Amino acid sequence: MRKDAPELTCPSAPCAPGATLLGTMGRDGVLSYLRTPMQIDGDFVAVARNHGPPEARMRFASPCQEGNCAQWTGDGCGVVRKVLAAIEAQGGLPQDDLQPCVIRASCRWYSERSGAACTACKYVVTDQYAVVAAE
Ligand code: SF4
């Protein structure tokens, strides 16, 4: 991470102690956002993992790892790019009012793609493979 850059937050981080719980996925496939930040600890992680991969049911936030993340493209986050490209290829989404979000001010995705990232964010499942395997 560059020393002169503000630290940005990844909105699709692993479930790990110190991460912030961003929200929970509803049965309708839409994330329900928390209104107040909740930092998780080791006990939370252990209990959550008892019910399968937490990243398939919840979303977590933690500092963007930039060059230490497999999704880093060199100048931005490849996840938000892929998600928005897939949505645009299917005709896009209606632009809703921005949902409440506890990390927007520092969010990597918002900093790169503004409100379009927020419109897509609510549909993103961090661990899609676990969701597919459970279906
Ligand atoms: S590059 Fe993207 S996926 Fe990787 S840590 Fe940063 S925001 Fe998260």
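Helical runs assigned H by DSSP (4 residues or longer) give the chain a calculated mean residue ellipticity at 222 nm of -9000 deg cm²/dmol, each run adding -39500 (n - 2.57) before division by the residue total.
The tail of the calculated P(r) for the chain, taken as Cα-Cα distances beyond 20 Å, holds 45 percent of the pairs.
Normalised by the number of residues in the chain, what is the relative contact order in percent for Cα pairs under 8 Å and 6+ residues apart?
Relative CO of the chain lands at 33 percent.
Please calculate how many Å² of accessible area the chain carries per residue, with a 1.4 Å probe and no DNA, RNA or ligand atoms counted. That works out to 59 Å² per residue. Here the gap between ALA105 and TYR129, fully extended at 0.36 nm per residue and compared with their Cα-Cα distance, gives a gain of 5.7 nm. DSSP finds beta bridges in the chain, and of those with both partners inside it, around 95 percent are antiparallel.
For the chain, give the percent of accessible area contributed by carbon and sulfur heavy atoms, probe 1.4 Å, rounded to a whole number.
53 percent
The values are calculated or read from the model by the stated rules, or taken from the named source; none is laboratory data. Note that the structure is a prediction, hence the values are computed from the model and not measured. These area figures cover heavy atoms from the full protein model, side chains too; ligands, DNA and RNA do not enter into them. Shrake-Rupley method; radii C 1.70, N 1.55, O 1.52, S 1.80 Å.
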